[in-house]
Amino acid sequence: QVQLVESGGGLAQPGGSLRLSCTASGNIFRFNVKGWYRQAPGKEREFVASTTSGGPTNYTDSVKGRFTISTDDAKNSVDLQMNSLKPDDTAVYYCQMLGPLGRPYWGQGTQVIVSS
């Protein structure tokens, strides 16, 4: 059974940094696309960033220049480096990986709170 496990969430001050990590296990196939989504209280889940192996990365406009996504295919992992954090970045962050035929796999979510 495929499992995605996130880590690295927590509390940060405005302007601070956090690094999220997500590692997959149980898969016998390669994930073509890896990414991060987030859901703030009272809002719908939204796209944050995605990357493909050897391909382009994509970011939602609100995080461009502040967040960096990276992937390690050998480790089945994807990280999200978040700098210059803002209170609006407060949300539960979810890792997503797309398997064969684009089937999505999700992590359980990790809480990020940006507050002074």
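The values are calculated or read from the model by the stated rules, or taken from the named source; none is laboratory data. As the structure is a computational prediction, the values presented were derived from the model and not from experiment. Here Cβ is always computed from backbone atoms with ideal geometry, including for glycine, and neighbour counts include all displayed protein chains. Just the protein is used for accessible areas: all its heavy atoms, side chains included, with ligands, DNA and RNA removed. Shrake-Rupley method; radii C 1.70, N 1.55, O 1.52, S 1.80 Å.
Summary of values
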{"item": "Test: residue in region 12-33 that is closer than 13 Å to Trp106 by Cα and among the charged types (D, E, K, R)", "result": "no"}
{"item": "Subset of region 99-116 [of a type outside the set (A, V, I, L, M) and modelled with pLDDT of 90 or more]", "result": "Arg103, Pro104, Tyr105, Trp106, Gly107, Gln108, Gly109, Thr110, Gln111, Ser115, Ser116"}
{"item": "Single unsatisfied condition, Arg103 versus (1) more than 15 Å from Glu46 (Cα to Cα); (2) touching a residue at least 24 places away in the same chain (Cβ under 8 Å)", "result": "(2)"}
{"item": "Cβ-Cβ under 9 Å pairs, at least 6 apart or on other chains, region 33-45 side farther than 24 Å from Thr71 by Cα, far side polar (S, T, N, Q)", "result": "Ala40/Thr90; Pro41/Thr90"}
{"item": "Tally, over region 59-79, of residues that are touching a Lys or Arg at 6+ places or on another chain (Cβ under 7 Å) and either aliphatic (A, V, I, L, M) or within 17 Å of Thr110 (Cα to Cα) (or both)", "result": "2"}
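Here's the yes/no breakdown for (1) in a strand (DSSP E or B); (2) among the basic types (Lys, Arg); (3) open to solvent by 80 Å² or more (accessible area, probe 1.4 Å):
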| residue | (1), (2), (3) |
| --- | --- |
| Gln1 | no, no, yes |
| Leu4 | yes, no, no |
| Gly15 | no, no, no |
| Ser21 | yes, no, no |
| Asn27 | no, no, no |
| Lys34 | yes, yes, no |
| Lys43 | no, yes, yes |
